[in-house]
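In what follows, a structure is listed as structure tokens, so that the remarks can point back to it.
The values are calculated or read from the model by the stated rules, or taken from the named source; none is laboratory data. Just so you know, these numbers come straight off a predicted model, no measurement behind them. When we count neighbours, we look across all protein chains shown, and the Cβ atoms used for this are built from the backbone with ideal geometry, even at glycine.
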Amino acid sequence: MVLMRKLSTVLVVGVGLIGTSIALALRSRGVTVALSDVDEDAVRLARELGAGQPWQGEPADLGVLAVPPDLIAEVLADLQKRGAARAYTDVASVKAEPTAAAARLGCDMTTFVPGHPLAGRERSGPTAARVDLFLGRPWALCPGPETSVESVRLARELISLCGGQEIDVGAREHDDAVALVSHAPHVVAAAVAAALERADGHEPDHLRERPVALELAGQGLRDVTRIAGGDVRLWRAILAGNALPVADEVAGIARDLTRAATALRIGQLDVITDLLRRGISGRARIPGKHGGPARDYAVLQVVLQDRPGELGRLFNASGLAEVNIEDVRLEHSPGLPVAVAEISVRPRDAERLTEALQFHGWYVSELWPGHCDPVVTEVGAG
């Protein structure tokens, strides 16, 4: 049986990263999208990117509120008063307080389906938007007991059209969960990045272009601090809206760090070992590429010359070897014309791909799960 599409027109209010990405995804599926934002320049830019046309007040099937969590209730009330859409959803990363605030304002809660796509980037604004941002990503829906079936259907169709994976969850349970997996990690990443302000090196700043500590910075530091580049105003609103659950998670992390600091000072390395082991165990619980438990992969490190077509050649060689690349990441060497590609493959494919890449002249080493150092297998022609 073919289900008829109910979602043909969507109003996106707020054309930042998430709002514009939703609009682009919908436009790629043939949905008519209207755009609204207090920043008219942002609307013009989103339109130039192909995300839709400025809203002229016409009613839509669904209104998507891509605004900070502290503005959800106010914007929802205004849109409902103007009859902007048949149903509404939002994308804020906090659910309980905005939903309660909407009810206090007298919003029609039968047409509101709180939502939150678990996708994003450290960049912001419409120029950071991507049509594929939500592909395969979890998308929480938190309908209340009064939410109509039709409103939920429209929100679910939005998720499907954007390529997301729906997860139904209560608003409070959602907020507790994201405090652990999103909000507290952002605070921790910010704290680590803020510590870099103390990286003054051994010479006055006016004598050095960069402090020596930053000269030694590697990919690990970039990984840990990547999300610390998020928009400050947005994150202030997110953390304010989910303050107590985030505070509890940050306090728990702080206790671990305090114990680690004490153990390091007095040489109790068993405490540190326990923390490291728990870290490995916790990381292993993060869902893998296709959901469910993470799978152990063999990681091949390949040195690439910084020249056009090099990555394409690598993928082509993998295809000729009939090996599927499960994941890939690039790390560039500052000041050198080379990069290291870390390619994740199934362990049974590692030897075959290594031989194929070496045949084509690449330097290859293997970094297996749980190892700290690569094991060099051979040096190719480079």
Filtering region 31-51 down to residues that are among the aliphatic types (A, V, I, L, M), part of a helix (DSSP H, G or I) and over 19 Å from residue 75 (Cβ atoms) yields 45
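For every residue, the table says whether it meets (1) part of a helix (DSSP H, G or I); (2) within 26 Å of residue 227 (Cβ to Cβ).
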| residue | (1), (2) |
| --- | --- |
| 143 | no, no |
| 146 | no, no |
| 153 | yes, no |
| 156 | yes, no |
| 177 | yes, yes |
| 181 | yes, yes |
| 184 | yes, yes |
message: Can you say whether residue 113 is of a type in the set (Val, Ile, Thr) and touching a residue at least 12 places away in the same chain (Cβ under 8 Å), as far as the supplied structure shows?
response: yes
Going through region 337-358 in order, the residues found to be in a helix (DSSP H, G or I) and crowded, with 16+ Cβ neighbours inside 10 Å are 349, 350, 353, 354, 356, 357, 358
Inset, instruction - Could you tell me whether any residue of region 9-22 is surrounded by fewer than 23 Cβ atoms within 10 Å (Cβ to Cβ) and among the hydrophobic types (A, V, I, L, M, F, W, C)? - result: no
Would a scan of region 72-81 turn up a residue that is under 22 Å from residue 167 (Cα atoms), crowded, with 24+ Cβ neighbours inside 10 Å and either within 23 Å of the chain's Cα centre (by Cα) or outside the structural domain of residue 138 (by TED's automatic domain parsing) (or both)?
yes
Taking region 134-152 and the residues there that are among the hydrophobic types (A, V, I, L, M, F, W, C) and touching a strand residue (DSSP E or B) at 6+ places or on another chain (Cβ under 8 Å), the one that is surrounded by the fewest Cβ atoms within 10 Å (Cβ to Cβ) would be 152
Subset of region 69-97, residues over 22 Å from residue 170 (Cα atoms), of a type outside the set (A, V, I, L, M, F, W, C) and in a loop (DSSP other than H, G, I, E, B), comes to 82, 83
